[in-house]
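Nothing in this text is a laboratory measurement; each read-out follows from the coordinates by a stated rule. Since the structure is predicted, the reported quantities are computational estimates derived from the model, not experimental observations. Cβ sites come from the backbone with ideal geometry, for glycine too, and all protein chains shown count toward neighbours.
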Amino acid sequence: MYGQKTPESKQETQMRSEEFTQQLITLIEKRDIEALKKLTTPKLYCYVCFDAAPEKPPIVDQKTFYTRYLIPVFNKDLLERLKRKEIKFSVDKYKAREGGRDYIVLYTIDRPNELGDGHEGVQFIFWLKDEEDGLKLSGLETVP
């Protein structure tokens, strides 16, 4: 129909989301803050921005994230691990945490048993929000 988008398949959405996170990683490596801001929601869920579990939801505004947290979060070691491209994708059926994400892209940054026998591994998660003008980064977290 004229003027309506054809719904994407999950595979197309996954491919678009993975390409978007690769674009983010490239821009982060280049420290292209202005380009990153255009691809980021005004506020981000950022559990990895804090050393200890915060008492309230770890929401930071875009300016604070890019001035205070970008470099400590995306250190050289993390960027190298993200380049391994061990990726999983999920559609957020439940619109968790105040509707802050539509999709999550998970990068394995520590493989099972890599940190010691029996360790389940760690995944770094990019939250993505699908907005009218395209995908936006809306959060970051890790899970064991």
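If you build a Gaussian network model of the chain, linking Cα atoms that sit under 10 Å apart, which residue out of 44, 24, 79 swings the most? Among 44, 24, 79, the largest mean-square fluctuation in the Gaussian network model of the chain belongs to 79.
One decimal place: the segment residue 64-residue 35 gains 8.9 nm when fully extended, by the rule 0.36 nm per residue minus the C-alpha distance.
Treat the count of other C-beta atoms within 10 Å as a stand-in for reagent exposure and order 81, 68 from fewest to most.
68, 81
Once R0 is set to 25 Å, what does the formula 1/(1 + (r/R0)^6) return for the Cβ-Cβ distance between residue 111 and residue 26, expressed as a FRET efficiency to the nearest 0.05? Efficiency computed from Cβ-Cβ geometry: 0.60. Below 12 angstrom from the Cβ of residue 136, what's the summed charge of the other residues (Lys, Arg +1; Asp, Glu -1)? Charge balance in the 12 Å sphere: 0.
A cut-off under 12 angstrom between Cβ atoms defines the neighbours of residue 65, and their net charge, with Lys, Arg +1 and Asp, Glu -1, is +3.
Overall shape of segment 10-143 was characterised from the C-alpha gyration tensor. The equivalent ellipsoid obtained from it has semi-axes of 21, 18, 16 Å, in decreasing order. Under a straight-distance cross-link criterion of Cα-Cα below 18 Å, which aspartates and glutamates are reachable from residue 136, leaving out those fewer than 8 residues away in the same chain? Correct list for residue 136: 8, 12, 18, 19, 29, 32, 34, 61, 92, 98, 102. Ordering 90, 9, 138, 17 from the fewest to the most neighbouring beta carbons within 10 Å gives 9, 90, 17, 138.
Shape of segment 15-68 from its Cα gyration tensor (a ≥ b ≥ c, root eigenvalues): rounded if a/c is under 1.5, otherwise prolate when a/b > b/c, or oblate? Prolate, since a/c reaches 1.5 and a/b exceeds b/c. When the convex hull of its Cα atoms is viewed from all sides, segment 99-144 shows a mean projected area of 3.2 nm². Of the residues 50, 124, the one with the fewest other Cβ atoms within 10 Å heads the list, and the complete ranking is 50, 124. Available extension along the chain between residue 11 and residue 77 is 20.8 nm, counting 0.36 nm per residue and deducting the alpha carbon span.
With contributions of -39500 (n - 2.57) from each DSSP H run of at least four residues, the per-residue ellipticity at 222 nm computed over the chain stands at -8000 deg cm²/dmol.
In whole angstrom, how far apart do the alpha carbon centroids of segment 1-71 and segment 118-135 sit? Answer, in whole Å: 8.
Over segment 38-110, the pair-distance histogram of Cα-Cα distances with 5 Å bins from zero comes to 3, 13, 19, 24, 26, 14, 1 percent, rounded to whole numbers.
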